[in-house]
């Protein structure tokens, strides 16, 4: 039986379908758990819920898990408990995204403005 921490590492290493960064680097992986029924529950917090790449990402995650010999049912949700935002993205990913032209909003300043 694969450990939950190994599952998190496997799933977290999956790459975003559009960017050369992992789910962990992009702070998109919210949780990986094995529930009481023996199902692997995965929550990926995505920036765009209508992204055509979600099926590619789901297939990649399932393939990574199946490659280890795990045959437990897998349930993947792309609706995290919070809206995805850029806070917490790994610095190497932020630097590369800036080079690609992506701008980042300082969420702490945004929170102060709304207070």
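Throughout, read-outs are computed from the coordinates displayed, never taken from laboratory work. Keep in mind that this is a model prediction, so the values were computed, not measured. Neighbour counts are summed over all protein chains in view; Cβ atoms, including those assigned to glycine, are modelled from backbone coordinates with ideal geometry.
Taken over the stretch 89-102, the residue count meeting the criterion of being outside any helix (DSSP H, G or I) and either surrounded by fewer than 11 Cβ atoms within 10 Å (Cβ to Cβ) or free of Cβ contacts under 8 Å to residues at least 12 places away in the same chain (or both) is 3. Could you tell me whether residue 61 is assigned to a helix (DSSP H, G or I), in contact with a helix residue (DSSP H, G or I) (Cβ under 8 Å, 6 or more places away or on another chain), in contact (Cβ under 8 Å) with a residue 24 or more places away in the chain and under 13 Å from residue 23 (Cα atoms)? So residue 61 passes the test.
For every residue, the table says whether it meets (1) touching a residue at least 24 places away in the same chain (Cβ under 8 Å); (2) in contact with a strand residue (DSSP E or B) (Cβ under 9 Å, 6 or more places away or on another chain); (3) exposed (fewer than 15 other Cβ atoms within 10 Å of the Cβ).
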| residue | (1), (2), (3) |
| --- | --- |
| 6 | yes, no, yes |
| 13 | yes, yes, no |
| 33 | yes, yes, yes |
| 40 | yes, yes, no |
| 50 | no, no, yes |
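Taken as a whole, the structure leaves residue 68 outside the set of residues that are touching a strand residue (DSSP E or B) at 6+ places or on another chain (Cβ under 9 Å), touching a residue at least 24 places away in the same chain (Cβ under 8 Å) and farther than 28 Å from residue 105 by Cα.
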